[in-house]
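Undergrad: I have a structure I would like to understand better, so I am pasting it below and will then ask my questions one at a time.
Derivation of every value follows stated rules applied to the coordinates shown; laboratory data play no part. Everything quoted here is computed from the prediction, not taken from an experiment. Neighbour counts are summed over all protein chains in view; Cβ atoms, including those assigned to glycine, are modelled from backbone coordinates with ideal geometry.
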């Protein structure tokens with residue numbers, strides 16, 4: 001089957017609940033890392049976010065299934081390749097963020113806000129939703145705003161957790177509204 005861009009986006013939205021489960025799974029990873037940054041150490045929180053990041057996709061799929069979505073896109077959907085490419089780009093960026101974290105733990109979290117923010121900009125095309133422009137730019141703006149302030153490491157990770165949680169809930173509501181209207 002040949003997909004138009006709109007058909008491919010609709011298929012992605014239906015298959016992944018507009019991506020809300022992934023945002024919420026990411027928010028959970030950031031939240032666990034935030035707790036660890038505050039109560040254990042920022043260095044341990046770096047490891048927590050890296051491990052939590054590896055679990056975002058499977059946890060997101062589990063949330064999809066719990067919400068009644070397939071947790072997959074249709075075979076032949078060309079946007080599936082774009083999603084995969086953006087995943088590799090993010091993974092390729094991790095050594096840079098980690099290297100910054102070796103110098104200053106707070107820099108790791110600011111770098112991750114930028115990396116993940118950039119990935120969400122791709123999701124605007126995957127799902128055909130401007131919400132992802134807002135999320136991506138909010139994460140990037142937070143990194144740019146916090147960097148010059150030299151905030152302690154826990155602040156960056158807490159900001160990431162809060163932004164992802166807020167946008168995850170908004171995306172969930174938007175998807176439910178889209179399904180009702182659609």
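Undergrad: How big is Rg to Rh over the range 1-56, alpha-carbon atoms, Rh as the Kirkwood inverse-mean-distance radius?
TA: My calculation of the ratio gives 1.27.
Undergrad: Would you kindly state how much longer the chain becomes between residue 67 and residue 82 on full extension, computed as 0.36 nm times their sequence separation minus their alpha carbon distance, in nm to one decimal?
TA: On the way: separation 15, 0.36 × 15 = 5.40 nm, distance 2.42 nm.
Contour length minus the Cα-Cα distance gives 3.0 nm.
Undergrad: Return the calculated 222 nm mean residue ellipticity for the chain, to the nearest 500 deg cm²/dmol, obtained by summing -39500 (n - 2.57) across DSSP H runs with n ≥ 4 and dividing by the residue count.
TA: -29000 deg cm²/dmol
Undergrad: With labels modelled as points extended 7 Å from the Cα through the Cβ direction, what inter-label distance (nm, one decimal) is found for residue 141 paired with residue 170?
TA: 0.9 nm
Undergrad: Dimensions of the range 97-169 along principal axes (Cα, Å, largest first)?
TA: Sorted from largest, the Cα extents of the range 97-169 read 38, 21, 17 Å.
Undergrad: Something else now. Just subtract the alpha-carbon distance of residue 40 and residue 133 from 0.36 nm times their residue separation and send over the number in nm, one decimal.
TA: 30.2 nm
Undergrad: Report the extension gain between residue 3 and residue 74 in nm, rounded to one decimal, defined as 0.36 nm multiplied by the number of residues separating them, less their alpha carbon distance.
TA: Full extension of this stretch gives 24.6 nm more.
Undergrad: What Kirkwood hydrodynamic radius, in Å, does the range 5-181 give when the mean of 1/r is taken over all pairs of distinct Cα atoms and then inverted? Don't skip to the end; give the middle numbers.
TA: Details: mean 1/r = 0.0617 Å⁻¹.
It works out to 16.2 Å.
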